[in-house]
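Trainee: Below: one structure in structure tokens.
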Amino acid sequence: MGCSKKIFTIFISILLSLSIIITVALLYEINKKTYTAEDFGIKVIQSKKDQDNDGIDDYTDILQGAKIEAKNKPTYKSAYYEGGYPPDNEGVCTDVVWRSLKNAGYVLKDMVDEDIKNNVDKYPRVGGKPDPNIDFRRVPNLKIYFERNQINLSTDVLKIEEWQPGDIVIFGTSHIGIISDKRNKKGIPYLLHNGGQIRREEDVLELYSKYKIITGHYRMK
């Protein structure tokens, strides 16, 4: 009994220590000073298009959509849904993208499905058998779609002037997110994404790129 009690005490101590570390880390992240493009003399690019005619340019609309998604913080759940769309309170990284574009008036599912239909051989992940219920929620498919149809940009995070709010970034072939208007002290922008983490707008663009190379950086035409 004495040994079991000692192990239990050690276990509780470890849990408390972890709790303190996590709390401190979160407080640091919340209170960390952030910057904007203007702080580095970078002009924020606005789209000349307003797809949904709401008086807000597309790039700003996409950014706002990503911010809404980050605030809503849907539960990370990877599943197959008839009709393609998950419930509003569920999602994965790819759902951040179509929801952000939807806020600007774009239906990414239809755009991807159409391109796959007309160019199925360009999409290896589809395997020659398009499935509108899931194709638009797979990172490899989105990578090909954006490369083929939208503006391709630098993947070098240190070229800070090339990264704009509302841009889309892909890591490897398994993660995707939206570029924030917030920047760190080096001028590198924050990332709006869903990997199941507590905070959905994070200063992780450079960190992620060191472990999972950035394979795509895009902007809507």
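Here, each number is a calculation from the coordinates, and none is a lab measurement. In this text the structure is predicted, and so the values were computed from the model without any measurement. Virtual Cβ from ideal backbone geometry, glycine too; neighbours counted across all protein chains shown.
Trainee: If all Cα-Cα distances of the range 72-145 are sorted into 5 Å bins from 0 onward, what percent lands in each bin, rounded to whole numbers?
Mentor: The calculated distribution, bin by bin, is 3, 17, 29, 25, 17, 7, 2, 0.
Trainee: Diagonalise the Cα gyration tensor of the chain and give the resulting equivalent ellipsoid semi-axes, square root of 5 times each eigenvalue, largest first, whole Å.
Mentor: 34, 24, 16
Trainee: If you place +1 on the Cβ of every Lys and Arg and -1 on the Cβ of every Asp and Glu, how big does the dipole about the Cα centre of the chain come out, in debye to the nearest 20? Present the calculation step by step, with values, prior to reporting the outcome.
Mentor: Details: 33 positive and 31 negative charges, 194 e Å.
About 940 debye.
Trainee: Further, regarding this structure: Tell me whether the range 156-221 comes out rounded, prolate or oblate; compute the Cα gyration tensor, take square roots of the eigenvalues as a ≥ b ≥ c, and use a/c under 1.5 as the rounded threshold.
Mentor: It comes out rounded by the Cα gyration axes.
Trainee: Given R₀ = 30 Å, what would the calculated FRET efficiency be for Gln197 paired with Lys159, taking r from the Cβ atoms and rounding to 0.05?
Mentor: Result of the calculation: an efficiency of 0.70.
Trainee: Let me ask you something else. Starting from the Cα-Cα distance between Asn118 and Leu207, subtract it from 0.36 nm times their residue separation and give me the gain in nm to one decimal.
Mentor: 28.3 nm
Trainee: Can you tell me the alpha carbon radius of gyration of the range 53-96 divided by the globular rule-of-thumb value 2.2 N^0.38 Å?
Mentor: Cα Rg divided by the expected 2.2 N^0.38 Å: 1.33.
Trainee: Another question, if that's okay. List nothing, just return the count: lysine pairs in the range 43-174, 8 or more apart or interchain, with Cα separation under 15 Å.
Mentor: Summing the qualifying lysine pairs gives 7.
Trainee: Taking only the alpha-carbon positions of the range 96-209 and ignoring solvent, what does the Debye formula give for the base-10 log of I(q)/I(0) at q = 0.13, 0.17, 0.21 Å⁻¹?
Mentor: These q points yield log10 I(q)/I(0) values of -0.52, -0.85, -1.19.
Trainee: Tell me, what is the percent relative contact order of the range 83-221, built from C-alpha pairs under 8 Å that lie six or more residues apart?
Mentor: 25 percent
Trainee: Can you work out ³J(HN,Hα) from phi for every residue in the range 176-188, in order, using Karplus 6.51 cos²θ - 1.76 cosθ + 1.60 and θ = phi - 60°, giving whole Hz and x for Gly and Pro?
Mentor: In residue order, the calculated couplings are 8, x, 10, 6, 8, 8, 7, 9, 8, 5, 8, x, 7 Hz.
Trainee: Rounded to the nearest 0.05, what FRET efficiency do Ile45 and Glu82 give with R0 = 35 Å and r taken as the Cβ-Cβ distance? Could you check?
Mentor: After rounding to 0.05, the efficiency reads 0.35.
Trainee: Okay, next question. Take Arg183, Arg219 and order them by how many other Cβ atoms sit within 10 Å, fewest up front. Write down the numbers at each step before the final one.
Mentor: Details: Arg183 24, Arg219 21.
Arranged by neighbour count, lowest to highest, Arg183, Arg219 become Arg219, Arg183.
Trainee: Between Lys71 and Asn152, what is the spin-label point distance in nm, taking each point 7 Å from the Cα along the Cα→C-beta axis?
Mentor: With each label placed 7 Å out from Cα toward Cβ, I get 3.6 nm.
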